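K.L.:
Pasting in a structure now, in structure tokens, and then I'll have a few things to ask.
The values are calculated or read from the model by the stated rules, or taken from the named source; none is laboratory data. These numbers were taken from a predicted model, which means no experiment stands behind them. Every residue, glycine as well, gets a Cβ built from its backbone with ideal geometry; the counts of neighbours run over all protein chains shown. Only protein heavy atoms, including side chains, enter the accessible area calculation; ligands, DNA and RNA are left aside. Shrake-Rupley method; radii C 1.70, N 1.55, O 1.52, S 1.80 Å.
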Amino acid sequence: MEISQGVEVIAFDWGGTLMKGSGPQDRPMVEWDQVEAVEGAAEILSALYGRFRLVVCTNAEISTAEQVRAALNRVGLGEFIEAIFTPQELENARKPEKGFFHAVERALGVRSEAVLMVGDDALGDVGGAVLAGWRAVWFNPQRVAAPALQPLGDAEVTCLEELTEVLQNRRLPGADQARLWLLEQHATANLLVHVEMVAALSYQIAVWLRNSGVMVNPLLAHRGGLLHDLCKISARGGHILHGDLAADWLQARGETELAGIAATHMLFNLLEEGKRPQTWEEKIVYYADKLVENGQVVPFSRRMDALRQRYSMEQQRVDRLAEAIPVLERELTAPLGWTIEQLVERLQQSFWKGN
């Protein structure tokens, strides 16, 4: 299902998303000497106008809906906007409160699943919308990682012009949906801790690579990290590897990209033609999975002794793996200009202390 399938209304945040908010904060924007639209705002509103109902949802405190519209009119955006919602019109409800979003639904006469939010606040705009049952796209022109390495929405754009294409992308399962699937497959508390760590590390690596010009989807890497061990517990005692079982399970639900990540993450797949990870997201999740040991982020080189003991009857394959891993590490670090030691150190910093 496309992200936009079933969507009737697209709600945009105002300051920081459609219009630049650099001006005197003690006066309504319409009274500023100079107001300026965000780059691409006019183009994207024009492209979406007529296909969707376009509204503005803002936490503006000193501007009424009429003043917000007047400011939009100054930069030629007002003609595209059907309605404007501020706390003053919604009994002082504010994003990310559910009451704000549900009041907007009632005013527009639509159900929550028919509305998509676009905003630059990862928590107020995106997190609040997701909590209310809306779809959400994070407008992230600064290209930063989501708070606590937890992307909450359905997609991310770094410029508004990307929105038209992103709306046509397949909608990935949300993080809560992924966790429910894990529980349905009998995930233990320990496994949940592991996949959450792998997802966070995969997401961070993908953000860094994207910011270095690599064509990679950080959200796909995150969801792939969450679901790579989907069937690890339910596969116990069977004759099918848990990666293959998870891949079949995901493929049956149309999640081809996530199935590929699950299928290729198994340790020795790196050595086998046709089974090794191919896409950036597959490579990232494969590698991030190998950095997590007992709740810690450690260099893969530190795990080699333990692997030699664990696979004592397969020393030849372990030796080949020891040669193949550095090749993958160089592939991941080359676009960043870092050593593998620097990558692991920065991952540890991001995971434990934040950016």
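K.L.:
Output the qualifying pairs, or none if there are none: Cβ atoms under 8 angstrom, residues six or more apart or on different chains, first residue in region 19-38 and more than 16 Å from Ile62 (Cα to Cα), second residue crowded, with 17+ Cβ neighbours inside 10 Å and of a type in the set (S, T, N, Q).
P.N.:
Going by the 8 Å Cβ cut-off, the qualifying pairs are Val38/Thr17.
K.L.:
Considering every residue within region 64-82, establish whether at least one is open to solvent by less than 70 Å² (accessible area, probe 1.4 Å) and closer than 13 Å to Ile10 by Cα.
P.N.:
yes
K.L.:
Checking the structure you have, find out if any residue of region 102-114 is touching a residue at least 60 places away in the same chain (Cβ under 8 Å), out of contact with any helix residue (DSSP H, G or I) (no Cβ under 8 Å at 6 or more places or on another chain) and over 20 Å from Trp138 (Cα atoms).
P.N.:
Taking every residue of region 102-114 in turn, at least one turns out to be touching a residue at least 60 places away in the same chain (Cβ under 8 Å), out of contact with any helix residue (DSSP H, G or I) (no Cβ under 8 Å at 6 or more places or on another chain) and over 20 Å from Trp138 (Cα atoms).
K.L.:
Then there's this: Yes or no: Met266 hydrophobic (A, V, I, L, M, F, W, C) and in contact with a Phe, Trp or Tyr (Cβ under 9 Å, 6 or more places away or on another chain)?
P.N.:
In short, yes.
K.L.:
Can you confirm whether region 260-272 contains a residue that is without any contact (Cβ under 8 Å) to a residue 60 or more places away in the chain, assigned to a loop (DSSP other than H, G, I, E, B) and in contact with a helix residue (DSSP H, G or I) (Cβ under 8 Å, 6 or more places away or on another chain)?
P.N.:
yes
K.L.:
Given the conditions (1) buried (at least 21 other Cβ atoms within 10 Å of the Cβ); (2) of a type in the set (Asp, Glu); (3) over 23 Å from Trp181 (Cα atoms), and given that Asp319 satisfies all but one, which numbered condition is not satisfied?
P.N.:
(1)
K.L.:
Looking at (1) touching a residue at least 40 places away in the same chain (Cβ under 8 Å); (2) over 21 Å from Val130 (Cα atoms); (3) touching a Pro at 6+ places or on another chain (Cβ under 9 Å); (4) open to solvent by 30 Å² or more (accessible area, probe 1.4 Å), which one does His186 not meet, given that it meets all the others?
P.N.:
Among (1) touching a residue at least 40 places away in the same chain (Cβ under 8 Å); (2) over 21 Å from Val130 (Cα atoms); (3) touching a Pro at 6+ places or on another chain (Cβ under 9 Å); (4) open to solvent by 30 Å² or more (accessible area, probe 1.4 Å), the lone unmet condition for His186 is (3).
K.L.:
Same structure again: Please go through region 242-255 and give me each residue that is out of contact with any Cys (no Cβ under 7 Å at 6 or more places or on another chain) and open to solvent by less than 50 Å² (accessible area, probe 1.4 Å), ordered by number.
P.N.:
Those that are out of contact with any Cys (no Cβ under 7 Å at 6 or more places or on another chain) and open to solvent by less than 50 Å² (accessible area, probe 1.4 Å): Gly243, Ala247, Leu250, Gly254, Glu255.
K.L.:
Now for a separate question. Sort out which residues of region 193-241 are without any contact (Cβ under 8 Å) to a residue 24 or more places away in the chain, open to solvent by 20 Å² or more (accessible area, probe 1.4 Å) and closer than 15 Å to Leu182 by Cβ, and write them in order of number.
P.N.:
Within region 193-241, just Arg236 meets the criteria.
K.L.:
Would you be able to say whether some residue in region 293-300 is at pLDDT 95 or above and open to solvent by less than 20 Å² (accessible area, probe 1.4 Å)?
P.N.:
No - not one qualifying residue is present in region 293-300.
K.L.:
Quick check on region 167-181. Is at least one of its residues closer than 26 Å to Ala60 by Cβ and hydrophobic (A, V, I, L, M, F, W, C)?
P.N.:
For region 167-181, residues closer than 26 Å to Ala60 by Cβ and hydrophobic (A, V, I, L, M, F, W, C): present.
K.L.:
Please go through region 112-123 and give me each residue that is in a helix (DSSP H, G or I) and open to solvent by less than 10 Å² (accessible area, probe 1.4 Å), ordered by number.
P.N.:
The one that is in a helix (DSSP H, G or I) and open to solvent by less than 10 Å² (accessible area, probe 1.4 Å): Ala114.
K.L.:
Restricting to region 19-59, name every residue that is open to solvent by less than 80 Å² (accessible area, probe 1.4 Å), closer than 30 Å to Leu167 by Cβ, in a loop (DSSP other than H, G, I, E, B) and not small (Gly, Ala, Ser).
P.N.:
Hits for region 19-59 are Lys20, Val35, Val38, Thr58, Asn59.
K.L.:
Kindly provide the set of residues from region 91-111 that are assigned to a loop (DSSP other than H, G, I, E, B), out of contact with any Pro (no Cβ under 6 Å at 6 or more places or on another chain), open to solvent by 40 Å² or more (accessible area, probe 1.4 Å) and of a type in the set (D, E, K, R), ordered by number.
P.N.:
Result: Glu91, Glu97, Arg111.
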